[in-house]
Amino acid sequence: MTNIGEPNGDFKARYPYVKFYTDDWQRATRGLSLELRGAYLDCLCVLYETEQPLPHDDNWMAHRLHISARLWRSVRGKLVDLGKLIECEGGWTNPRVQKE
């Protein structure tokens, strides 16, 4: 039996492990609002999980992030302006995710 909060082997096989450099994260997101940091982290998780760009489909992204399409468009625009998300063939990605 698995304890709550303790992933079993099946869970680990389905989802990637991401080394999270807390100092890099804090320096890169220091000036972002809590809302932007949360949306950005969710975007990074989707990018690592799917190994695909975030789709241009605003409704899909809104559903995936559990926010309205209007909020997604606003957040996406701000993250693009900040260079956190960049447009690529098939959607949006992150420069560091592409390198790693």
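Mind checking the range 18-57 for trypsin sites (Lys or Arg not before Pro) that DSSP puts in a loop (not H, G, I, E or B) and that have at most 16 other Cβ atoms within 10 Å? Don't jump to the answer; show the numbers that get you there.
Values: sites: Lys19, Arg27, Arg30, Arg37; in loops: Lys19, Arg30.
When the trypsin sites (Lys or Arg not before Pro) of the range 18-57 are filtered for loop state and at most 16 Cβ neighbours within 10 Å, Lys19, Arg30 remain.
So what is log10(I(q)/I(0)) for the range 38-90 at q = 0.14, 0.15, 0.22, 0.31 1/Å, when the Debye sum runs over its Cα atoms only?
The Debye formula, applied to the Cα set alone, gives -0.30, -0.35, -0.80, -1.58.
Relative contact order (percent) for the range 25-100, with alpha-carbon contacts under 8 angstrom and 6 or more residues of separation? Intermediate results must be reported in sequence, preceding the final value.
Numbers: 61 pairs, mean separation 22.2, N = 76.
Taking the mean separation of contacting Cα pairs over the length of the range 25-100, I get 29 percent.
Using heavy-atom solvent-accessible surface (probe 1.4 Å) with all chains present, what is the largest-first order of Leu34, Leu54? Spell out each step's value before the answer.
Working: Leu34 135, Leu54 0 Å².
From most accessible down to least: Leu34, Leu54.
Leaving out same-chain residues fewer than 8 places away, which lysines sit with a Cα under 24 Å from that of Lys19?
Lys84, Lys99
The values are calculated or read from the model by the stated rules, or taken from the named source; none is laboratory data. Only a predicted model underlies this, so the values are computations on that prediction, with no experimental measurement involved. Using ideal geometry, Cβ is built from the backbone for each residue, glycine included, and neighbour counts are taken over all protein chains shown. What goes into the accessible areas is simple: the full protein's heavy atoms, side chains included, and nothing from ligands, DNA or RNA. Shrake-Rupley method; radii C 1.70, N 1.55, O 1.52, S 1.80 Å.
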